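A short worksheet on the structure shown next.
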Ligand code: SF4
Ligand code: MG
């Protein structure tokens, strides 16, 4: 099927006193209807900025400098705020890391759901109530909580209440930025299972941003690994997990325990991501890469096809050319 969402050559820069800092560097992404895409990488790799750019939620000093975000017939990059607001919640929804920040603390769930629906159509009070009960039911929250304020719910319930709100108008795409990361491991796991069940039941596509690669291993179809603002590996999730090509993907996989597998000592990746105002020359990962060689310090790798995946590593350059 045709992609639902196509991100082409998307770049985002933050304007700073010392000049623009490129946080998302020529990213490409295609999401088909019903597909679950995970975007993974350490904090500061540009994955949240990418998601905010796709959702039209960037604020100054961040701005899109190149590229397009095609969603159905629209290029979201060129839409007005008003046109974007018409699409948000109805055609695509956004779920952020902490629903405490996204939900209004001084109004009940019922009032927030009502506002979200009323902004997109003419619904009777009864229709709004019925749909609100329905979506709470879907995420396993007792509808009695329509009268609750966000602070009266546990962290896990708040995230689920946020997901319920995202489902109100049956969007085809839900963008999620670390929706489970504020929760403990058990709650994380159960929320992941629930998100996956809802996705399979309702058929929406997901773009799921996380720093924890192990979290998405059993849930995502497609994986995008980001480092220093660039996609460094992309491919079917199974292929990347079974055989990570890029040394950074390998490092990330070693950095988190497998949810199912035996507990092994974690390797992690020594060092930290580069300062994006002055990324290393050549391969941006070279200062941390166990396989770095002389060429890596001068030659910028492209994304090379390797098997079912693509990898931004010079070790894969010959494979394609
Ligand atoms: Fe490592 Fe070189 Fe590949 Fe970069 S290009 S990931 S430094 S081997
Ligand atoms: Mg982030």
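Listed conditions (1) at pLDDT 95 or above; (2) within 18 Å of residue 44 (Cα to Cα); (3) exposed (fewer than 15 other Cβ atoms within 10 Å of the Cβ) are all met by residue 284, apart from (3). Assessment of region 223-237 against the conditions (out of contact with any helix residue (DSSP H, G or I) (no Cβ under 8 Å at 6 or more places or on another chain), in a helix (DSSP H, G or I) and surrounded by fewer than 20 Cβ atoms within 10 Å (Cβ to Cβ)) yields no matching residue. Residues that are touching a residue at least 60 places away in the same chain (Cβ under 8 Å) and touching a helix residue (DSSP H, G or I) at 6+ places or on another chain (Cβ under 7 Å) number at least 1 in the following helices (runs of 4 or more DSSP H) confined to region 60-161: 99-102, 125-138. Summed over region 267-298, residues that are near ligand 1 (Cβ under 8 Å from one of its atoms) and in a loop (DSSP other than H, G, I, E, B) total 9. Checked against (1) away from ligand 2 (no atom under 16 Å from the Cβ); (2) out of contact with any strand residue (DSSP E or B) (no Cβ under 8 Å at 6 or more places or on another chain); (3) assigned by TED's automatic domain parsing to the domain that holds residue 183; (4) at pLDDT below 95, residue 59 meets all criteria but (1).
One residue is enough: does region 25-48 have a residue meeting the conditions assigned by TED's automatic domain parsing to the domain that holds residue 208, in a helix (DSSP H, G or I) and buried (at least 19 other Cβ atoms within 10 Å of the Cβ)? Within region 25-48, one or more residues are assigned by TED's automatic domain parsing to the domain that holds residue 208, in a helix (DSSP H, G or I) and buried (at least 19 other Cβ atoms within 10 Å of the Cβ). Taking residue 70 as meeting all but one of (1) surrounded by fewer than 18 Cβ atoms within 10 Å (Cβ to Cβ); (2) more than 18 Å from residue 205 (Cα to Cα), write down the number of the exception. The number of the failed condition is (2).
So, residue 314, is that one more than 12 Å from ligand 1 (Cβ to nearest atom), assigned by TED's automatic domain parsing to the domain that holds residue 243 and under 15 Å from residue 232 (Cβ atoms) or not? The answer is no for residue 314. Would you confirm, using the coordinates I've provided, whether residue 276 is under 24 Å from the mean Cα position of the chain (by Cα), within 16 Å of ligand 2 (Cβ to nearest atom) and either farther than 26 Å from residue 218 by Cβ or at pLDDT below 95 (or both)? So residue 276 fits the description; yes.
The values are calculated or read from the model by the stated rules, or taken from the named source; none is laboratory data. Here the structure is a predicted model, which is why all the values come from computation and not from measurement. Because the Cβ atoms are built from the backbone with ideal geometry, glycine has one as well, and the counts that use them run over all protein chains shown.
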